[in-house]
Amino acid sequence: MTWKDPSRFIDRIYIEESCLDLASTRAILARAGLPWSVVPERQKPNDLDEDFVENLTAGKRQLFLCRNRGVFFKPCPGTREYQCCEYQVLNTGTNCPIDCVYCILQAYLNTPWLTFYVNTEDLCAELEEKLAANPQRLFRIGTGEFTDSLAIDRLTCLSRTLVPLIGRMSNAVLELKTKSAVIDHLQGLDHRGKTIVAWSLNSPAIMKHELRSATLTERLEAAKQCAAWGYRLAFHFDPIIDHPGWQSGYQETIDRLFAAVPAEAIAWISLGALRFIPTLKEIGIRRFPGTRIYFHEFVQGLDAKSRYFRPHRVSLYTFIYERLKQRASETTCIYFCMESDEIWREVMGFTPGEKGGLPIMLDRTVRESA
């Protein structure tokens, strides 16, 4: 069975009562053709959250359509101890039907349901207001922080709203980050080069730990198609994980990446080694008792997350960076996600500060390839 479209895992929909007559809700119900129930206002669909860890897989089969009463648009929750790219998060929902052994959302969220915010008119209004209030600033915006950007796009069609909206903005670029191959709704949109479609990549052995996700072949075929439609691409090697044969595994992925897509279409590539908060290790081992990824030597980083020892991170990074650098276009920005200046200098030979800072490096990439 293929999991190019992981939304096929969903088998029931719950709807917050006040959202029942929203256009977005009605459209999703029509596309899904699934049984659904109404949930009283501000109530939860059921009691799965009483044992969040035990019921997380079951929760991924349930889509909860509700209203976001908070802020949609906010800075990425990076840590000041490491270099942050000043990404802006557009919060469209939480959780996803894909189940990665290492996923931080297992420890970050406290409800198991797959949630989508159907008050999309409020989302768009807030986004437009924030961008209009800061016309001189370039916003790099992503929807893939608390969910997968495209995993349920077959049902929500949110890309058909966001891509043209960002295309009309002079001071924003949108990144849609996914482990799926759900791209049909991107065809024919007036993106004007302002949307970057991104995929998380890993060694083939590690991708087997990404349950209900598209295969490497499926992701790269989707990326190739998006490039043909004029979209710029991005790829994220994160988390990079030590495992038997890691050198040959990452070499294979890099070779297949550049064989599949034109190097000049790639806006940026990020690198980030495995890092996790203590509770994620406990949850990951409980849910996936056969995994070995948490049983390495780790040290506590400045952000209180467990990380590989610095010499080992440097070894992993150097191998992958050198091979990417050999194949990547000069216009592609290769960068670290949440790493120190010391790591930057040891692996890449410079620090972001010497080039104006990481946000400026990425902004420059956006402007030069526009």
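Per-structure values
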| read-out | value |
| --- | --- |
| Helices (runs of 4 or more DSSP H) contained entirely in segment 307-370, each with at least 2 residues that are within 20 Å of Ile196 (Cβ to Cβ), touching a residue at least 12 places away in the same chain (Cβ under 8 Å) and small (Gly, Ala, Ser) | none |
| From Gly167, Gly144, residue being small (Gly, Ala, Ser), under 19 Å from Glu86 (Cα atoms), surrounded by fewer than 23 Cβ atoms within 10 Å (Cβ to Cβ) and in contact with an Asp or Glu (Cβ under 9 Å, 6 or more places away or on another chain) | Gly144 |
| Pair list, Cβ under 6 Å, 6 or more apart: segment 214-242 residue over 25 Å from Tyr294 (Cβ atoms) and touching a residue at least 12 places away in the same chain (Cβ under 8 Å), other residue in a loop (DSSP other than H, G, I, E, B) and of a type in the set (D, E, K, R) | Glu218/Lys4 |
| Leading residue by the ranking (farthest from Leu257 (Cα to Cα)) among those in segment 311-346 that are touching a Pro at 6+ places or on another chain (Cβ under 9 Å) and surrounded by fewer than 16 Cβ atoms within 10 Å (Cβ to Cβ) | Asp341 |
| Residue in segment 33-52 that is modelled with pLDDT under 95, part of a loop (DSSP other than H, G, I, E, B), under 21 Å from the mean Cα position of the chain (by Cα) and surrounded by 13 or more Cβ atoms within 10 Å (Cβ to Cβ) present | no |
| Qualifying residue in segment 267-281 (condition: free of Cβ contacts under 8 Å to residues at least 60 places away in the same chain and surrounded by fewer than 14 Cβ atoms within 10 Å (Cβ to Cβ)) | yes |
| Residues of segment 4-32 that turn out to be part of a loop (DSSP other than H, G, I, E, B), in contact (Cβ under 8 Å) with a residue 60 or more places away in the chain and under 24 Å from the mean Cα position of the chain (by Cα), as a count | 3 |
| Residue count for segment 53-78, restricted to those that are modelled with pLDDT of 95 or more and exposed (fewer than 12 other Cβ atoms within 10 Å of the Cβ) | 3 |
| Criterion (part of a strand (DSSP E or B), among the small types (Gly, Ala, Ser) and in contact with a strand residue (DSSP E or B) (Cβ under 9 Å, 6 or more places away or on another chain)) met by exactly one of Ala198, Ala223, Ala214 | Ala198 |
| Some residue of segment 208-221 being more than 20 Å from Gln106 (Cβ to Cβ), touching a His at 6+ places or on another chain (Cβ under 9 Å), at pLDDT 95 or above and surrounded by fewer than 18 Cβ atoms within 10 Å (Cβ to Cβ) | no |
| Qualifying residue in segment 117-128 (condition: in contact with a Pro (Cβ under 8 Å, 6 or more places away or on another chain) and crowded, with 17+ Cβ neighbours inside 10 Å) | no |
| Val89 vs. criteria over 26 Å from Pro289 (Cβ atoms), modelled with pLDDT of 95 or more and β-branched (Val, Ile, Thr) | yes |
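Here's the yes/no breakdown for (1) in contact (Cβ under 8 Å) with a residue 40 or more places away in the chain; (2) buried (at least 20 other Cβ atoms within 10 Å of the Cβ); (3) touching a Leu at 6+ places or on another chain (Cβ under 7 Å):
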site: Thr92; (1), (2), (3): yes, yes, yes
site: Asn95; (1), (2), (3): yes, yes, yes
site: Tyr102; (1), (2), (3): yes, yes, yes
site: Ala107; (1), (2), (3): yes, no, yes
site: Pro135; (1), (2), (3): no, no, no
site: Leu162; (1), (2), (3): yes, yes, yes
site: Ala198; (1), (2), (3): yes, yes, yes
site: Ser203; (1), (2), (3): yes, yes, no
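The values are calculated or read from the model by the stated rules, or taken from the named source; none is laboratory data. Please read these numbers as outputs of a predicted model, since none were measured by experiment. A quick note on method: Cβ atoms are made from the backbone with ideal geometry, for glycine too, and the neighbour counts reach across all protein chains shown.
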